[in-house]
Amino acid sequence: MITIIPEAPENVAAFSATGEVTKEDFERLVIPRVKEKVEQFGELNYLLYLDTDLDNFTMGAWLEDLLLGLKNLTNWNRSAIVTDKEGIRDFTSIFSVLMPGEFKSFPKENLYNALYWCKNGDEVEA
């Protein structure tokens, strides 16, 4: 399931993923929210707090996520993945070379630093 992180800055589309994540989660919540932020700000600052294993993303969810990325390719500004999974953080670093905009990973205890970075491009001193 995907939910909106309510304390996110106004210019950040921030989501939390728990349990099973489906295509419907993207269609119902993520895609409309991302579209709204791109229309409002002309760029996409995106944060995903992963509180589930990637195995819990259905194939439809993966395809929707891919389409979301492709549809908004030129609008990506900053994107943060918040997780304690080392492999995902490593992948995010590699992925950042291939995509426009900045991509960064943060450990779960640094959620508020990640939100700040998405909003401003700078990190809060820990």
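Structure notes:
- When segment 7-28 is filtered for residues that are within 14 Å of the chain's Cα centre (by Cα) and either closer than 18 Å to N75 by Cβ or not aliphatic (A, V, I, L, M) (or both), the ones remaining, listed by number, are A8, P9, N11, V12, A13, A14, F15, S16, T18, D25, F26.
- Screening segment 1-60 for residues that are in contact (Cβ under 8 Å) with a residue 40 or more places away in the chain and in a helix (DSSP H, G or I) and picking the one that is nearest to L115 (Cα to Cα) gives F26.
- No other residue among K119, K37 is open to solvent by 60 Å² or more (accessible area, probe 1.4 Å), basic (K, R) and at pLDDT 80 or above apart from K119.
Residue-wise test of (1) open to solvent by less than 80 Å² (accessible area, probe 1.4 Å); (2) modelled with pLDDT under 85; (3) of a type in the set (D, E, K, R); (4) within 14 Å of the chain's Cα centre (by Cα).
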site: I31; (1), (2), (3), (4): yes, no, no, yes
site: N45; (1), (2), (3), (4): yes, no, no, yes
site: Y49; (1), (2), (3), (4): yes, no, no, yes
site: L54; (1), (2), (3), (4): yes, yes, no, yes
site: M59; (1), (2), (3), (4): no, yes, no, no
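The values are calculated or read from the model by the stated rules, or taken from the named source; none is laboratory data. Keep in mind that this is a model prediction, so the values were computed, not measured. Quick reminder, even Gly has a Cβ in these numbers, built from the backbone with ideal geometry, and neighbours come from all protein chains shown. Calculation scope for accessible area: heavy atoms of the full protein, side chains included, ligands and nucleic acids excluded. Shrake-Rupley method; radii C 1.70, N 1.55, O 1.52, S 1.80 Å.
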